[in-house]
Amino acid sequence: MQAVAATAKTPAERILVSLATYNEHDNLTPLIADIHAVLPTADVLVIDDNSPDGTGRVADELAAADARIHVLHRPGKLGLGTALLAAMRYALDHDYDLFLNMDADFSHHPRYLPAILAGMKRHDVMIGSRYIPGGGAVAWPWSRRLMSRGVNTVVRLLLRIPAHDTSGAFRCYRVAKLRQADLNHVLSRGYSFQQEILYRCRKAGCRIGETPIVFENRRAGASKVNPREAARSMGMILWLGVNALFGLD
């Protein structure tokens, strides 16, 4: 009688979804529920910068009721880049396979998560992109569209990143490649973190892909866009570009 070989079941990849929060009290609970509706086995890490509206307390209550939710409290607003670095290091320290970041205000809708994860079969970084066919942004003024596209053009030219949307935060990274991306030397602390981490991932040999998303206006709360930080980040991008040009990085 011919023996039938047993087929080993491939273990599911461990996924961490990070949400950097500041005054997202009204968005956090429904957003995490929608994330888990799409990715029921994923863990969610909330990095809260001491939100005065009680977002941190809401996060703690959610974590107490659900082992898939974790919270990192920080003493104040320390910059988006430092929040994402903290989340990446959490993913590294806890041996996740995939690290997925999204905004905490529903501008990045969870319905795009399956497409982003599907792209990870062929890539090491997947970007939810506004600037490829099928992507877009809802109710953006022409000035913001022009500025965003201009920044992305500069980044592609200076840092040679093969992507159309280098400034969006809706992304997935292969954690094993993040280990090779020289996170200890990341300079950016604000918006330019998005471009710098892509640059360091490209240098580490990451295959970068994009899938279309439509960026939506936040459902509740106020925008955190800061013109001063935007200008500072543009300066950082130019500095990175000069260093890349002359091989000083």
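A few remarks follow.
- Subset of the stretch 167-177 (residues that are in contact with a helix residue (DSSP H, G or I) (Cβ under 6 Å, 6 or more places away or on another chain) and within 13 Å of residue 206 (Cβ to Cβ)): 172, 175
- Test for residue 152: is it free of Cβ contacts under 8 Å to residues at least 24 places away in the same chain and either open to solvent by less than 50 Å² (accessible area, probe 1.4 Å) or in contact with an Asp or Glu (Cβ under 7 Å, 6 or more places away or on another chain) (or both): yes
- Given (1) at negative phi; (2) surrounded by fewer than 24 Cβ atoms within 10 Å (Cβ to Cβ), number of the condition residue 54 does not satisfy: (1)
- Given (1) open to solvent by less than 50 Å² (accessible area, probe 1.4 Å); (2) under 25 Å from residue 79 (Cβ atoms); (3) not aliphatic (A, V, I, L, M), number of the condition residue 36 does not satisfy: (2)
- Note on the stretch 172-200: residues that are buried (at least 19 other Cβ atoms within 10 Å of the Cβ) and modelled with pLDDT of 95 or more total 5.
- The set of residues in the stretch 106-146 that are out of contact with any strand residue (DSSP E or B) (no Cβ under 9 Å at 6 or more places or on another chain), in contact (Cβ under 8 Å) with a residue 24 or more places away in the chain and open to solvent by 20 Å² or more (accessible area, probe 1.4 Å) comprises 111, 114, 139.
- The one condition from (1) in contact with a strand residue (DSSP E or B) (Cβ under 8 Å, 6 or more places away or on another chain); (2) in a loop (DSSP other than H, G, I, E, B); (3) on the phi < 0 side of the Ramachandran plot that residue 17 does not meet is (2).
- Residues of the stretch 159-181 that turn out to be within 17 Å of the chain's Cα centre (by Cα) and in a loop (DSSP other than H, G, I, E, B), as a count: 11
- A Cβ distance below 8 Å, combined with a sequence gap of six or more or placement on separate chains, defines the contacts here; from the stretch 68-90, residues that are at pLDDT below 95 reach residues that are open to solvent by 30 Å² or more (accessible area, probe 1.4 Å) and aromatic (Phe, Trp, Tyr) in the pairs 77/22; 80/191; 81/191.
The values are calculated or read from the model by the stated rules, or taken from the named source; none is laboratory data. Just so it is clear, the structure is predicted and the values come from calculations on it, not from any experiment. When we count neighbours, we look across all protein chains shown, and the Cβ atoms used for this are built from the backbone with ideal geometry, even at glycine. These area figures cover heavy atoms from the full protein model, side chains too; ligands, DNA and RNA do not enter into them. Shrake-Rupley method; radii C 1.70, N 1.55, O 1.52, S 1.80 Å.
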